[in-house]
Amino acid sequence: MKKLFIVLFILSLSWLVKLSYDLHVLNTAQTELQQSIGQLQQQNAMLNDQFVALKRQISAQQEKTGVTAAKAFAGEPITAEMQNDIALVQQHLDLIEFALQQQQYATAIEKLNQLSNELDDYVLAPALVSSLQQVIAKDQDMLKKFVNNRLVQQGKLKEVLVKMDAEIEKEIQKPYRQPPVSQGSFWQRWIQIESADQPSTVLMQRHLVLKEAQLRLLIAQSALQQDQSVAFQQALNAVIEVLEQLPDTQSQQWIQQLKQIKATPITPIPLLNTRTLVG
């Protein structure tokens, strides 16, 4: 029995070392995630600055696609003032598309509504204004449906993750129970102890493993809340990797649920029809 306790002590110590390493990796992943968020915020600020700078430096040289579109709708010569206003519409669309890429859907819809309301203030051909109004209306409906679908999808995923988090917390609170060893001869008891030694050690540390899985699950929920699909997939993989250490049925069920979430297709960001019209 003394040897058995020594073996269990060594295995427990090894497990704690591994868990410490996994927690270190988790902290490193959190740091990298925060750095990525900071970089995205910096890029957001830089692009906003570039947008303001471009808006101040509007010149007569604009993209041929926009000018061609204006000519197609106008029966009058293209003036410099009209070119400038077409450029303003294009830059407004740039800002809307940037907001969509940054998952700022409310801002994108607001800017699209603003563009629709300000079209009459631009020096544009009446036919072009009319066509823009129609296309913008379609884009408004498309974005509203897209945002609604994204919110519904995120809500369902969040509900599953929250439920899983509660289940894990409940399992963590359960005390570990050593499976009983049946009475018998010395060799029968020794064989049972030897065969069950490793699983028992894993199960003894089960609450620590579940705690680590719970921490990684919180990272996945945060990534989902921020609509970061890549970080969300990576976080789900991390949770699965931790849970795969446990042989029990409940852990395997969680793994299957996480794999189903990973396989759920994400609705792609739609392209603006208005961009096709003005270039």
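Using θ = phi - 60° and the Karplus form 6.51 cos²θ - 1.76 cosθ + 1.60, what ³J(HN,Hα) does each residue of region 233-249 get, whole Hz, x for Gly and Pro?
Working through the residues one at a time gives 5, 5, 5, 4, 4, 5, 5, 4, 4, 5, 5, 5, 6, 9, x, 6, 5 Hz.
What is the diffusion coefficient of region 81-170 in µm²/s, taking the Kirkwood radius over Cα pairs and the Stokes-Einstein relation at 20 °C with a viscosity of 1.002 mPa s?
140 µm²/s
With a 1.4 Å probe and every protein chain left in place, tell me how much accessible area Phe98 has, in Å² to the nearest 10.
Phe98 has an accessible surface of roughly 20 Å² with all protein chains in place.
In a shell of Cβ-Cβ distance under 13 Å around Leu218, excluding Leu218 itself, what net charge do Lys and Arg (+1) and Asp and Glu (-1) give?
Surrounding charge for Leu218 is 0.
Over what distance in Å are the Cα centres of region 91-148 and region 222-279 separated?
Taking the Cα centre of each part, region 91-148 and region 222-279 sit 29 Å apart.
Rounded if a/c is under 1.5, else prolate if a/b beats b/c, else oblate: with a ≥ b ≥ c from the C-alpha gyration tensor eigenvalues square-rooted, which is region 226-279?
prolate
At 1.4 Å probe size, with no ligands or nucleic acids counted, give the accessible surface of Thr31 in Å², nearest ten.
70 Å²
Could you pull the accessible area for Ser229 with a 1.4 Å probe, rounded to 10 Å²?
Ser229 has an accessible surface of roughly 60 Å² with all protein chains in place.
Can you compute 3J(HN,Hα) from phi for each residue in region 96-107, using the Karplus curve 6.51 cos²θ - 1.76 cosθ + 1.60 with θ = phi - 60°, rounded to whole Hz and x for Gly and Pro?
5, 5, 5, 4, 5, 5, 8, 6, 9, 5, 4, 5
Under the Karplus relation 6.51 cos²θ - 1.76 cosθ + 1.60, θ = phi - 60°, what is the ordered set of whole-Hz ³J(HN,Hα) values for region 122-139, x standing for Gly and Pro?
Ordered by residue, 3J(HN,Hα) equals 7, 8, 9, 5, x, 5, 5, 4, 4, 5, 4, 4, 5, 5, 4, 4, 5, 5 Hz.
Of Lys111/Lys144; Lys111/Lys156; Lys174/Lys211, which sit over 19 Å apart, Cα to Cα?
From the list (Lys111/Lys144; Lys111/Lys156; Lys174/Lys211), the Cα-Cα distance tops 19 Å for Lys111/Lys156.
Among Leu151, Leu95, what's the order by accessible area (1.4 angstrom probe), most exposed first?
On the way: Leu151 110, Leu95 35 Å².
Result of the area sort, largest leading: Leu151, Leu95.
What's the extension gain from Asn149 to Thr249 if we count 0.36 nm per residue and subtract their Cα-Cα distance?
Computed gain between Asn149 and Thr249 is 32.7 nm.
The values are calculated or read from the model by the stated rules, or taken from the named source; none is laboratory data. Computed from a prediction, not measured in an experiment: that's the story for all the values here. Note: ideal-geometry Cβ built from the backbone for every residue, glycine included; neighbour counts use all protein chains shown. Ligands, DNA and RNA are excluded from the accessible area calculation, which covers all protein heavy atoms including side chains. Shrake-Rupley method; radii C 1.70, N 1.55, O 1.52, S 1.80 Å.
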